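Q: Dumping the structure here so I can ask a few things about it.
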Amino acid sequence: MTDLTGRTEDAAPPAEVPEMELFHAHSFLTKYVFCQDAKVIAIQYAGTAIAIGLVALVLSWVIRIQLAFPGAVALIDAKVYYQAVTMHGMIMVVYMLTAIFLGGFGNYLIPLMVGARDMVFPFVNMLSYWVYLLATLVLAASYFAPGGPSGAGWTLYPPQSILTGTPGYDYGIVMMLASLILFIVGFTMGGLNYVVTVLQARTRGMTLMRMPLTVWGIFAAAVMALLAFPGLFVACVMLLLDRTLGTSFFMPAIVEFGEHKAYVGGSPILFQHLFWFFGHPEVYIVALPAFGIVSDLISVHARKNIFGYRMMVWAIIAIGVLSMVVWGHHMYVSGMDPLFGFFFAVTTLAIAVPTALKVYNWVITLWRADISFTTPMLFALGFLVTFVNGGLTGLYLGNVIVDVPLSATLFVVAHFHMVMGIAPVLVIFGAIYHWYPKITGRMMDETLGKVHFWITFLGAYAIFFPMHYLGVLGVPRRFYELGETAFVPDSAHLLNVSITVLALVVGFAQAIFFYNLFTSLKRGKPAGGNPWRAASLEWQTPETPPGHGNWGDEPPIVYRWAYAYSVPGAPEDYIPQNEPPIRGELSS
Amino acid sequence: MLVALVMVLVVAGSLAFHFLSPWRATPIASNWGFIDDTVALTFWITTAGFVAVVLFMAYCLYRFRHQPGRRAAYEPENQKLEAWLAIVTTIGVVLLLAPGLLVWGQYITAPEGAMEVEAVGVQWNWSFRLPGADKKLGASDVRLVDGANPLGVSPSDPRGRDDLIVADGELHLPLGKPVKMLLRSLDVLHDFYVPQIRAKMDLVPGLVSYLWFTPTKIGQYEILCAAYCGVGHPQMRGTLIVDEEADYARWLSAQQTFEQSRKSDKGGEKSASNE
Ligand code: HEM
Ligand SMILES: [Cu+2]
Ligand SMILES: [Cu+2]
């Protein structure tokens, strides 16, 4: 840290990359539909992700109704049930969460937060969205294919996923694989954009260590996704070949209902390795952007710099690297060589250390802060509780021997919903309430926001916390019905009913959010440019909502980090990143 | 105020639920008490973490809520504090990991002389094979499976002739003897799962996996499949009966050997063990 003299050159090194040329749209079609402006693409991505996410939400009701009232709805037979479980899981993880964090928030926030005019490859960026949309449509269309969508479970494990005992083994699985392949193609175009934009298009003075943690989180997640998705990609291609051309990548010699199949010599476990080589990093591809966003929400609404910024950045990087070598914790009882258990248990628990440090830094940020309980802040706090809870149950499942009795039970379902279902969704809501004023120029209603928060947070906690106990009891997951099972006491049924009722309540309560989202467009309080008095760059645009090119004539120059809150001696309790340095200020 | 209070209630409610709810692990019926112990250890360490973090957060929310005239402190970092937290966390993690790995070491090392019993999964039921007088299981191959040989036992392997084939999904084991279950699937992934035994392992077509345990309690237990294997997955049930030595011997002597089952099946119409 150096004492500044008040000269620009001391605080902001000269720019290294010249300004880029922008594509200017002239017609309605190129402005709002085939648009190359990252901000519009962001809205398209987020809108599509939320829409398909609602489908997945409705599917979760199908699952829950069957589990609490088995047989009550005649329409839900085993086939429909497993299709619902599969589509629910796959949509939520890939088509909803990944798309909204990277395609939605990534597109909107990266250029604005690093002071760029747009993504570096706007055309490819646009293409990325349209391929994603196509992937989503192909997946949704599988509901209308003969035999319906795949009911193989979101993990798609062969041999089962392509054999007749599984619903959708004929068309559904083919469309699922095709859709995933498309998704990855689309994502790769977007992902390259996010990475290159962060590396190349930062404005003058925006050093890497001055970037908001939101950008760090999305950047690290994009890098990880570029490394992890190819694992899924090849797995999908190979499985597709096994299914359509009769190759035997994953298929050993088997007898299907008394009939010998022509497959020989393939390895089902190889698929699991490829799948989880993608699947575990995927958890962090969702989590790291959420980590970043939550850091910024807490910091802004607690009027305090995020505690231990450098540690936070290194923790993101450490988590990113380590999470590429922990995939085997999903396979402790898969029949792979059990010696792997030692290795993966060590790496998995090692990740707990940087993750815990992030949690400490979030709560320490609250120490001696000035906390406003705005809606975004409430959602950030809800994230902390659910993430800590879900993260800690991860220590059970990561510690190989403890996983043995709990794996494949509802404990696992409760754990991953808490940590990668509820926690990131709370961040998404918080982020929408937080950035909505920048996106639309109007505030969302705070009262409705708070009602929405309390129902969602407490409801979701009450859904998934007790569910762990069904798992401890030994209730297996992916069971269409428990039937006669002596070790499960009748009282467990009560719990199942309560979970389902809450799931319906929480689900319907989301209507409050959508009502707020749409009515605030017209009726919300005008927000002004920086309603939260935030220091990071996206709040300093000359126009709100920001125009095409974001920054008017001159891109901003950045003089300090994004967390200059409550700096002693400063007149306000925040100093925007682009405010020229004050004589005597410490540079950071 | 209110927010801090609710956060405290979330902690209190979670603890109350844990201690008051009737839903616990089923009473254990095998030697894997160590597994239950590591689960308990994990519970105490993680619960301490959860309570500490959320209560600290709740305190901050109460103490440092916005009030007129308040201004936050400015403290970018505190490397000493961060280092301490890293060290304490690492110690906690090692405390969890070390016993966990020790028990895993036991879990994957079946004792010398454990009785070998084979469990075979097929959509959607369980069959078993026990060694005959020679105490050895004969070779097997999926490609040999047919109506008369549902488990694909190799007819050319003399060790297999006296193997006992149990096709009705009911397996008996003697009390107090270590058993090494050899797991084999003829079609898709399945998973041998008896909640009271605690052990669990996938059955994978194309290879033989295993787990071991010593039954410690006479009784009848459900065998479930814990790897999704198609629409019949929840119906894939078997029964494990742990017997006194004498009862076990009686049951054993009533089972057909591979050789007998092939003879009785010649010309017969018994079909393979599907659906
Ligand atoms: C309130 C909202 C939600 C409810 C009530 C819910 C409920 C369920 C239920 C009951 C299952 C089936 C469990 C089983 O028997 O295996 C399930 C599976 C799953 N859910 Fe959710 N869920 C919700 C939100 C989410 C979210 C946000 C995600 C995103 C990560 C998610 C990801 C998954 C996955 C990956 C599966 C596993 C699918 C499979 O077994 O193949 N869910 N969910
Ligand atoms: Cu994982
Ligand atoms: Cu099964």
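Read-outs throughout are calculated quantities, based only on the coordinates presented, and are distinct from any laboratory measurement. In this text the structure is predicted, and so the values were computed from the model without any measurement. No Cβ is skipped: glycine too gets one built from the backbone with ideal geometry, and neighbour counts run over all protein chains shown.
Q: Rounded to the nearest 0.05, what FRET efficiency is calculated for A:V264 and A:F69 with R0 set to 51 Å and r the Cβ-Cβ distance?
A: 0.70
Q: Another question, if that's okay. At A:W61 and B:R159, where each label point lies 7 Å from the Cα along Cα→Cβ, what is the point-to-point distance in nanometres?
A: So the label points at A:W61 and B:R159 sit 5.8 nm apart.
Q: Still on this structure: In whole Hz, what ³J(HN,Hα) sequence does the range A:566-573 give by Karplus (6.51, -1.76, 1.60; θ = phi - 60°), x for Gly and Pro?
A: 6, 6, x, x, 6, x, 9, 8
Q: Just to confirm the number: angle between the C-alpha axis of helix A:38-68 and the first principal axis of chain A, 0 to 90 degrees, nearest 10?
A: Long axis of A:38-68 versus the principal axis of chain A: about 30 degrees.
Q: Still on this model: How much net charge surrounds A:G547 when only the other residues with a Cβ under 15 Å from the Cβ of A:G547 are counted, with Lys and Arg +1 and Asp and Glu -1?
A: -2
Q: Which FRET efficiency value, to the nearest 0.05, do you get for A:S372 and A:F340 by plugging their Cβ-Cβ distance into 1/(1 + (r/R0)^6) with R0 = 45 Å?
A: In this case the efficiency is close to 0.40.
Q: Can you give the alpha-carbon Rg of the range B:35-135 over 2.2 N^0.38 Å, where N counts its residues?
A: My calculation over the Cα atoms of the range B:35-135 gives 2.03.
Q: Going by alpha carbons, how many degrees (0 to 90, nearest 10) lie between the helix axis of A:268-301 and the longest principal axis of chain A?
A: Between the helix axis and the principal axis of chain A, the angle is about 30 degrees.
Q: Give me the dipole magnitude in Debye, nearest 20, for the protein assembly as shown about the Cα centre, with unit charges on the beta carbon: positive for Lys and Arg, negative for Asp and Glu.
A: 1700 debye
Q: Sort A:V174, A:V451, B:V204 so the one with the fewest other Cβ atoms within 10 Å of its own Cβ comes first.
A: A:V451, A:V174, B:V204
Q: For a footprinting-style exposure proxy, rank A:V404, A:V93, A:V427, B:V120 by other Cβ within 10 Å, fewest first.
A: With the fewest neighbours first, A:V404, A:V93, A:V427, B:V120 line up as A:V93, A:V404, B:V120, A:V427.
Q: I'd like the mean, over residues of A:371-384, of how many other protein chain beta carbons sit within 10 Å of each residue's own Cβ.
A: 3
Q: Same structure, new question: Please report Rg (one decimal) and Dmax (integer) in Å for the Cα set of the range A:16-152.
A: Considering the range A:16-152 through its Cα atoms, Rg and Dmax are 19.1, 66 Å.
Q: Right, another one. Once the principal axes of the Cα atoms of the range A:491-542 are found, what is the range along each, listed largest first in whole angstroms?
A: That gives 60, 26, 11 Å along the principal axes, largest extent first.
Q: Sticking with this structure for a sec: Work the Kirkwood hydrodynamic radius out for chain B: mean of 1/r over every pair of different alpha-carbon atoms, inverted, in Å.
A: Kirkwood radius, chain B: 22.6 Å.
Q: Cut-off is 10 Å between beta-carbons; in what order do A:S161, B:S30 appear when sorted fewest neighbours first?
A: B:S30, A:S161
Q: What is the extension gain from B:A114 to B:D37, computed as 0.36 nm multiplied by their sequence separation minus the C-alpha to C-alpha distance, in nm to one decimal?
A: Once the chain is fully extended between B:A114 and B:D37, it gains 25.3 nm.
Q: How large is the convex hull of the Cα atoms of the range B:115-264 per residue, expressed in Å³ as a whole number?
A: Measuring per residue, one finds 99 Å³ for the Cα hull of the range B:115-264.
Q: In peptide A:159-169, how many Cβ atoms from other protein chains are near each Cβ within 10 Å, on average?
A: Neighbouring Cβ atoms belonging to other protein chains average 5 per residue here.
Q: Still on this structure, I have one more. Could you compute the net charge surrounding A:H88? Neighbours are other residues with a C-beta less than 13 Å from the C-beta of A:H88; K and R count +1, D and E count -1.
A: +3
Q: In nm, to one decimal, how far is the modelled label at A:T207 from the one at A:E484, with both set 7 Å along Cα→Cβ?
A: About 7.3 nm separates the two model spin labels.
Q: Which angle from 0 to 90°, rounded to the nearest 10, does the C-alpha axis of helix A:213-244 make with the longest principal axis of chain A?
A: Its long axis makes an angle of about 30 degrees.
Q: Show me, bin by bin at 10 Å from 0, the whole-percent P(r) of the range A:251-340 based on Cα pairs.
A: Histogramming the range A:251-340 at 10 Å steps yields 14, 28, 23, 16, 10, 6, 2 percent.
Q: Then there's this: With N set to the residue count of the protein assembly as shown, report its C-alpha Rg divided by 2.2 N^0.38 Å to two decimal places.
A: 1.01
Q: Per residue of A:466-479, count partner chain C-beta atoms within 10 Å of its C-beta, then hand back the mean as an integer.
A: Mean inter-chain Cβ contacts per residue within 10 Å come to 5.
Q: Explain nothing, just the number: relative contact order of the range B:115-264, from Cα pairs under 8 Å at least 6 residues apart, as a whole percent.
A: 27 percent
Q: Something else about it: Measure off 7 Å from each Cα along the Cα-to-Cβ vector at B:I218 and B:F56, then give the distance between these two points in nanometres to one decimal.
A: It is 5.4 nm.
Q: Could you work out [θ]222 nm for chain A from helices alone, using -39500 (n - 2.57) per DSSP H run of at least four and dividing by all its residues? Round to the nearest 500 deg cm²/dmol.
A: When only DSSP H runs of four or more count, the value is -19500 deg cm²/dmol.
Q: Let me ask you something else. Which residues does the label zone of B:Q79 cover in the range A:276-316, counting backbone N under 16 Å from a point 7 Å along Cα→Cβ?
A: Inside the label zone: A:308-315.
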